[in-house]
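Please read the structure below before turning to the comments.
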Amino acid sequence: MKMKLLCFFISLQLSFILLAQSIKAGNKDSTNAAVSFVKAWEDDFLDIGLSLRKDSLHINEEAKKLLLDSQYRKSTYPAKYNWPRAIELMNKMDLKKAFYHIINLYRTDTMHKELALQTFVLYDSLVDMEKILVNSFYTYALTDPEISIIKNGKPAVVHPEILEAKLNTVEEMVEIIKLNRKPVAKE
């Protein structure tokens, strides 16, 4: 299992490198359809599910779907998080959801904790993993059945201690990512 995970993370890292290169190359030619797709994907990836903006609550499409569609919610949150499902989500490029799975695995699978962290540190050189982990948390945590129940399309937090533990996990991961960041060279 460990070898499969390692091979997967290496192939995923190569995918991210290619994606980052296409984004950089594509920024020069905004008419390219692939660039438009990548830009829309990136915007969605960086969008927070639930957030306060000025004096109103912003709920993105993913969070709305989680609040309103019980079948989708069931398919999003497994009874037990596992690496094969996280890998499947990553292969489908459903990365925000995959990273929420990995946040949960980081809490429970101590054997692969370091591998997840090394992966996030590597990705941080390509994309802002700090923002992505926080966005993943705020997209999925409040509709997580371990934390909340949904009544009439609204989350009711019934386990604030689990919410806090998952937030602490994200904060720990972000701090480790920050500690491992390479200083940016001045031009």
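The values are calculated or read from the model by the stated rules, or taken from the named source; none is laboratory data. Everything numeric here is computed off the predicted structure, so don't read it as measured data. Quick reminder, even Gly has a Cβ in these numbers, built from the backbone with ideal geometry, and neighbours come from all protein chains shown.
The single condition among (1) polar (S, T, N, Q); (2) within 20 Å of LEU46 (Cα to Cα); (3) out of contact with any Ser or Thr (no Cβ under 9 Å at 6 or more places or on another chain) that THR143 does not satisfy is (3).
Within region 26-72, the set of residues being within 20 Å of LEU95 (Cβ to Cβ), touching a strand residue (DSSP E or B) at 6+ places or on another chain (Cβ under 8 Å) and either modelled with pLDDT under 70 or among the hydroxyl-bearing types (Ser, Thr, Tyr) (or both) comprises SER51 only. Only residues in region 170-187 that are within 15 Å of GLU114 (Cβ to Cβ) count as the first member; pair them with residues that are among the hydrophobic types (A, V, I, L, M, F, W, C) and at pLDDT 90 or above, Cβ under 6 angstrom, at least 6 apart or cross-chain, and list the lot. Qualifying pairs under 6 Å: MET173/LEU133.
I'd like the residue in region 112-125 that is among the aliphatic types (A, V, I, L, M) and under 14 Å from the mean Cα position of the chain (by Cα) and, out of all such residues, is surrounded by the most Cβ atoms within 10 Å (Cβ to Cβ).
Looking at the filtered set, the residue picked out is ALA116.
Of the residues GLU146, GLU161, GLU130, the single one that is in a helix (DSSP H, G or I), surrounded by fewer than 17 Cβ atoms within 10 Å (Cβ to Cβ) and among the acidic types (Asp, Glu) is GLU161.
Looking only at region 95-111, residues that are in contact with a helix residue (DSSP H, G or I) (Cβ under 9 Å, 6 or more places away or on another chain) and either hydrophobic (A, V, I, L, M, F, W, C) or loosely packed, with under 14 Cβ neighbours inside 10 Å (or both) come to 7 in all.
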